[in-house]
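Read through the structure below, which is laid out as structure tokens, and then see the notes.
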Amino acid sequence: MPTQTSTLHGHSIIAGQTTPGTGDTVNGFDPATNEALDPAYTLIDAGQLATATAAAREAFATFSRLDPDTHARFLEQIATNIEANGPAIIDRAMAESGLPRARLTGELGRTANQLRLFATVVRIGDHQGVRVDPALPDRTPVPRVDIRQRHLPLGPVAVFGASNFPLAFSTAGGDTASALAAGCPVVFKAHNAHPGTSELVGRAIADAVAAFDLHPGVFSLIYGPGRSIGQALVTDPAIKAVGFTGSRSGGMALVAAAASRPEPIPVYAEMSSINPVFVFPGALEDDVDALASAFVTSVTGSSGQLCTAPGLVFVPTGEAGDRFVAAISGTVAGAPGQTMLTSGIAGSWHSGVDALAAQAGVDLVGRGAEGATENAPAPAVFGTTVDTFLANEVLHAEIFGAASLVIRYADAAELTAAAERLEGQLTATLQLRDGDRELAAALIPVLERKVGRILANGWPTGVEVGHAMVHGGPSPATSDSRTTSVGSLAIERFLRPVAYQNLPDELLPAPLQESNPWNLNRRIDGRIELAGGTA
């Protein structure tokens with residue numbers, strides 16, 4: 001049975017070893033009071049980072065070749081270890097993030113469940129992408145040789161923890177889980193806002209590595225100065241890909257660093273999104289108070305610190321739209337501020353709201369109440385017109401936190417013009433009824449070019465972890481619109497195809513051998529052959 005512990009050491013875990021750093025220290029802070037939390041965490045230097053990346057490179061040779069059952073059970077063990085220490089992890093995450101217990105309990109469950117989802121993916125093995133074009137020696141005019149293809153893991157992956165999800169997008173979050181599932185060792189850089197949470201979860205991973213007698217370099221957890229160690233990690237020759245969730249400036253800095261290497265590597269960065277909501281006339285024929293309440297809940301949930309929070313809502317002009325905006329004003333007035341993750345994030349929110357409020361043609365729709373703690377600003381909703389939105393780039397900027405902008409549109413042409421001007425987004429939401437389908441149908445092709453997920457009659461906050469989910473989008477939502485950071489498809493970010501031509505069967509890797517020893521689904525001469533030999 002995994003042991004439960006709340007003991008914190010305040011050091012990195014490099015290839016299974018607790019490793020005191022040689023540099024300065026950082027503390028987590030309680031964002032409700034701005035008080036420092038013990039222990040202080042020692043920061044590693046470049047030499048210690050090199051030890052972690054070298055261990056990851058050594059681990060890759062064996063970890064990348066694990067059989068599916070061992071590999072899946074390893075991922076499941078990490079989930080079990082996290083759940084076994086759940087109370088201590090949640091308590092520490094509450095102290096470091098200001099997020100409520102219910103939110104973090106759900107996030108811990110999501111963290112464990114996505115690890116188990118990837119265990120299922122590993123067992124099924126479709127991510128191996130096995131294709132076989134058998135030899136056709138009698139083909140004319142030219143015989144065909146035997147060619148077989150599979151997807152191989154890229155190599156060690158650097159993952160950066162996200163501030164707004166101390167569990168699900170952090171130490172054992174989606175980037176780490178999908179990289180480990182692909183067969184890639186992970187060097188994880190902890191976010192300095194929740195170092196203790198990262199250590200507790202990091203130990204759950206390191207313990208699973210030890211329990212399965214894997215090379216200890218499969219996972220390392222490091223603490224270091226954000227800019228210098230982050231850049232050094234991305235440019236280390238052992239690292240072959242990067243997973244990042246955070247600011248646009250931070251993500252683009254990593255993209256630039258990765259591109260400037262002698263061997264450029266992919267950076268999968270989730271960065272900036274304002275997630276527009278399009279309210280069509282038919283939706284306003286229903287209960288506008290209920291619609292306004294759902295909108296404000298989506299804007300203010302987790303103090304607005306969700307990457308899918310709706311920062312824009314397009315509302316028709318006219319009496320029905322007026323009633324909806326008035327309902328938003330009344331609803332947000334009753335919304336108290338919630339503690340934000342850090343004083344720095346709260347400060348950035350204030351700067352963004354002040355800049356928006358200062359723009360010509362922008363009016364305050366409604367403002368909530370200041371929260372009971374430090375760093376808990378009052379939610380705010382502003383309003384403007386399509387013309388003002390099109391003319392002012394400031395109105396297109398993300399405000400990370402509980403703030404949104406209502407944009408009034410007069411007709412379909414204005415709505416389409418506004419959608420065309422949007423930057424890349426994670427989501428777009430349609431609030432519509434049957435009579436709105438023609439208008440929506442005209443808008444959807446525009447949105448398909450702008451976003452990674454289009455949803456109807458729901459709200460973008462809350463991302464299902466499954467096989468069909470896309471949590472990505474064109475820049476600046478992410479640095480690579482071809483991928484997702486949530487769901488089973490995320491594993492493909494850390495794989496590449498390799499073809500084997502005319503190799504003897506005994507030299508082929510197990511997924512490609514004629515006997516199919518791992519019992520995988522395979523594409524034979526273009527046709528899918530299911531495990532067990534049926535087509």
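Between E35 and A326, with labels modelled 7 Å along Cα→Cβ, what's the label distance in nm to one decimal, could you check?
Here the answer is 4.7 nm between the modelled labels.
Using alpha carbon centroids, what distance separates the stretch 406-475 and the stretch 245-267, in Å?
Result: 28 Å between the Cα centres.
Across bins of 5 angstrom width beginning at 0, how are the C-alpha pair distances of the stretch 72-113 distributed, in whole percent?
6, 25, 31, 20, 11, 6, 2
At most 12 other Cβ atoms within 10 Å and a DSSP loop assignment: could you name the GluC sites (Glu not before Pro) in the stretch 461-535 that fit?
E464, E514
Just to be sure I understand: of the beta bridges DSSP finds with both ends in the stretch 418-535, what percent are antiparallel, rounded to 5?
40 percent
Run through the DSSP bridge list for the stretch 270-428 and note the antiparallel percent, rounded to the nearest 5.
Percent antiparallel among DSSP bridges in the stretch 270-428 is about 20.
Which value in nm describes the separation of the simple spin-label points at A441 and D363, placed 7 Å from the Cα toward the beta carbon?
Label at A441, label at D363, 3.6 nm between them.
Probe of 1.4 angstrom, ligands and nucleic acids ignored: what's the accessible area per residue over the chain, in square angstrom?
39 Å²
Measure nothing fancy, just the Cα-based angle from helix 248-259's long axis to the longest principal axis of the chain, in degrees from 0 to 90, nearest 10.
Helix 248-259 sits at roughly 30 degrees to that axis.
So for the chain: antiparallel DSSP bridges make up what percent, rounded to the nearest 5?
Percent antiparallel among DSSP bridges in the chain is about 40.
Which whole-Hz ³J(HN,Hα) couplings does the stretch 263-275 yield from phi under the Karplus relation 6.51 cos²θ - 1.76 cosθ + 1.60, θ = phi - 60°, glycine and proline marked x?
Along the stretch 263-275, the couplings run 10, x, 10, x, 10, 9, 10, 9, 10, 9, 7, 10, 6 Hz.
Treat every Asp and Glu Cβ in the stretch 276-426 as -1 and every Lys and Arg Cβ as +1, leave all other atoms uncharged, and give the resulting dipole magnitude about the Cα centre to the nearest 20 debye.
300 debye
Given the -39500 (n - 2.57) contribution per DSSP H run of 4+ residues, what per-residue ellipticity at 222 nm results for the chain, rounded to the nearest 500 deg cm²/dmol?
Helices in the chain give a 222 nm mean residue ellipticity of -11500 deg cm²/dmol.
Whole number please: convex hull volume per residue, Cα atoms of the chain, in Å³.
172 Å³
Please report the projected area of the stretch 185-244's Cα convex hull averaged over all directions, in nm².
4.3 nm²
Please state the relative contact order of the stretch 1-118 as a whole percent: Cα pairs under 8 Å, 6+ residues apart?
Relative contact order, the stretch 1-118: 27 percent.
Counting only protein heavy atoms and a 1.4 Å probe, tell me what percentage of the stretch 415-467's accessible area is made up of carbon and sulfur.
That share works out to 49 percent.
Show me, for the stretch 297-307, the HN-Hα J-couplings you get by feeding each phi into the Karplus relation (A = 6.51, B = -1.76, C = 1.60, θ = phi - 60°), rounded to Hz, glycine and proline as x.
4, 5, 5, 9, x, 6, 6, x, 8, 10, 5
Out of the total accessible area of the stretch 1-70 (probe 1.4 Å, heavy atoms of protein only), what percent is carbon and sulfur?
Answer for the stretch 1-70 is 51 percent, counting heavy atoms of protein chains only.
Quote the FRET efficiency, to the nearest 0.05, computed for S351 versus A211 with a Förster distance R0 of 35 Å and r equal to the Cβ-Cβ distance.
Efficiency, rounded to the nearest 0.05: 0.15.
Under 5 Å between amide H atoms, partner at least 5 residues away or on a different chain: which partners does G366 have, H built in plane at 1.01 Å?
V381
Multiply the residue separation of E374 and R433 by 0.36 nm, subtract the distance between their alpha-carbon atoms, and state the gained length in nm to one decimal.
Working it through step by step, the gained length comes to 17.0 nm.
Roughly how many percent of the accessible protein surface of the stretch 144-245 is carbon and sulfur, given a 1.4 Å probe and a whole-percent answer?
56 percent
Placing unit charges on C-beta atoms (Lys and Arg positive, Asp and Glu negative, everything else neutral), compute the dipole magnitude of the chain about its Cα centre in debye, rounded to 20.
Magnitude of the dipole: close to 1140 debye.
In the stretch 451-521, what trypsin sites (Lys or Arg not before Pro) fall in a loop by DSSP, with at most 12 other Cβ atoms inside 10 Å?
R482
In the P(r) worked out for the stretch 473-535, what percent of Cα pairs fall beyond 13 Å?
When all Cα pairs of the stretch 473-535 are counted, 74 percent exceed 13 Å.
The values are calculated or read from the model by the stated rules, or taken from the named source; none is laboratory data. These numbers were taken from a predicted model, which means no experiment stands behind them. Because the Cβ atoms are built from the backbone with ideal geometry, glycine has one as well, and the counts that use them run over all protein chains shown. Accessible surface is based on the protein model in full, side chains and every heavy atom, while ligands, DNA and RNA are left aside. Shrake-Rupley method; radii C 1.70, N 1.55, O 1.52, S 1.80 Å.
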